[in-house]
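Report on the following structure.
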Amino acid sequence: MFLICGIAAARAQDKPSFKFNHLAIFVMDLKQSSRFYTEVLGLDTIPEPFHDGKHVWLNTGCGGAFHIISGSEKKKDYYVGNHLCLSTSNMDAVKDRLQQNKIKWRNAQGQAGQTTTRPDGILQIWIDDPDGYHIEINNDYK
């Protein structure tokens, strides 16, 4: 009996564990994208090791980061299922910031200015960044 438990415990220890580290996107205009994520959405910058003017790193909370990298040559179309999701403690303040910056939002069905209520009661809106990356913003903030 002890031998079997010892083997199971050893196998469990061999299994690697993971935590989210970062998401990176490739953009055409680093200054424009950086302004969008810092001034419009309000994400804070964090130190990046390159210091080459081609990278901006942003804090997404809980030890995660969002990296913006310049060098994309053209805007692309992206599948909406591939998106960044940010949770907020104040959806009304986010909508106000978006409106002040003339950023339009939509619900999950694409209806302009509307909010989706998921089956679990979480509210969400969708926006696009300057390069066309899709962003879900929801109130699942804990």
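The values are calculated or read from the model by the stated rules, or taken from the named source; none is laboratory data. Treat the numbers as computed from the prediction; the structure is a model and nothing was measured. We place every Cβ from the backbone using ideal geometry, glycine too, and count neighbours over all the protein chains shown.
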Only one of (1) touching a residue at least 60 places away in the same chain (Cβ under 8 Å); (2) buried (at least 16 other Cβ atoms within 10 Å of the Cβ); (3) closer than 18 Å to residue 136 by Cβ does not apply to residue 66, and that is (1)
Quick one: in region 14-28, which of the residues that are touching a residue at least 60 places away in the same chain (Cβ under 8 Å) and within 11 Å of residue 66 (Cβ to Cβ) is nearest to the chain's Cα centre (by Cα)? 23
Matching entry among 60, 38 (being under 20 Å from residue 142 (Cβ atoms) and hydroxyl-bearing (Ser, Thr, Tyr)): 60
Residue 41 being surrounded by 13 or more Cβ atoms within 10 Å (Cβ to Cβ) and either closer than 21 Å to residue 91 by Cα or modelled with pLDDT under 95 (or both): yes
From the list 77, 120, 92, exactly one residue is modelled with pLDDT under 95, exposed (fewer than 11 other Cβ atoms within 10 Å of the Cβ), more than 17 Å from residue 30 (Cβ to Cβ) and of a type outside the set (A, V, I, L, M, F, W, C). Which is it? 77
Flag if residue 15 is at pLDDT 95 or above, out of contact with any Cys (no Cβ under 8 Å at 6 or more places or on another chain) and farther than 25 Å from residue 136 by Cβ: no
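If you go through region 18-38, how many residues are under 29 Å from residue 92 (Cα atoms) and either modelled with pLDDT under 90 or not in a helix (DSSP H, G or I) (or both)?
8
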